[in-house]
Amino acid sequence: MLKRTKSTPDHLYAKKLGRLGEKIALKYLENLGYTLLHRNFSMRGGELDLIMSHNSRIVFFEIKTRRAAMQAASGAPKFGFADEQIGWRQRLTLVHSARAFLHLKSLAHCSWQFDLISINLKLQREGVPEARITHLQDIFSA
């Protein structure tokens, strides 16, 4: 259960929220026929949330999770849409990490892409969050 109290440090809450989002995204993608290759692949300077295969293609996923309460009056997220949160530095880091993974696993010959899963959580009193999932495919070219 994801519950925030006044004593919960922000960084711990953010980490729990992120892990919950990754778990929801993984289940969603597996239901669509994706196969998990690696979870939270990290190397110096970066991490790839989920690495999956689908239709003979390697797909690197960035997962962005937000609480529904983090919205402006217009209905737009308070801190921008999830795909706007991937700046040029993070893109470089993602590409570097992806190439390292492909090299390490001898998959450099495979076709690959970056997708974004945006999860907007509405926390319920019962403790089970309602998730709105948006899947953006091939979000940028490497």
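The values are calculated or read from the model by the stated rules, or taken from the named source; none is laboratory data. Predicted model only: the values in this text are computed from it and were never measured. A quick note on method: Cβ atoms are made from the backbone with ideal geometry, for glycine too, and the neighbour counts reach across all protein chains shown.
Couple of notes before you dig in:
- Taken over the range 114-139, residues that are surrounded by 13 or more Cβ atoms within 10 Å (Cβ to Cβ) and in contact with a strand residue (DSSP E or B) (Cβ under 6 Å, 6 or more places away or on another chain) amount to 15.
- Residue in the range 49-68 that is surrounded by fewer than 19 Cβ atoms within 10 Å (Cβ to Cβ), of a type in the set (Lys, Arg), at pLDDT below 90 and part of a loop (DSSP other than H, G, I, E, B) present: no
- When the range 92-111 is filtered for residues that are closer than 19 Å to GLY46 by Cα and not aliphatic (A, V, I, L, M), the ones remaining, listed by number, are THR93, HIS96, SER97, ARG99, PHE101, HIS103, LYS105.
- Here ARG99 clears all of (1) assigned to a helix (DSSP H, G or I); (2) at pLDDT below 90; (3) of a type in the set (D, E, K, R) except the condition numbered (2).
- Among the residues of the range 20-43, those that are exposed (fewer than 15 other Cβ atoms within 10 Å of the Cβ) and touching a Ser or Thr at 6+ places or on another chain (Cβ under 9 Å) comprise THR35, LEU36, SER42, MET43.
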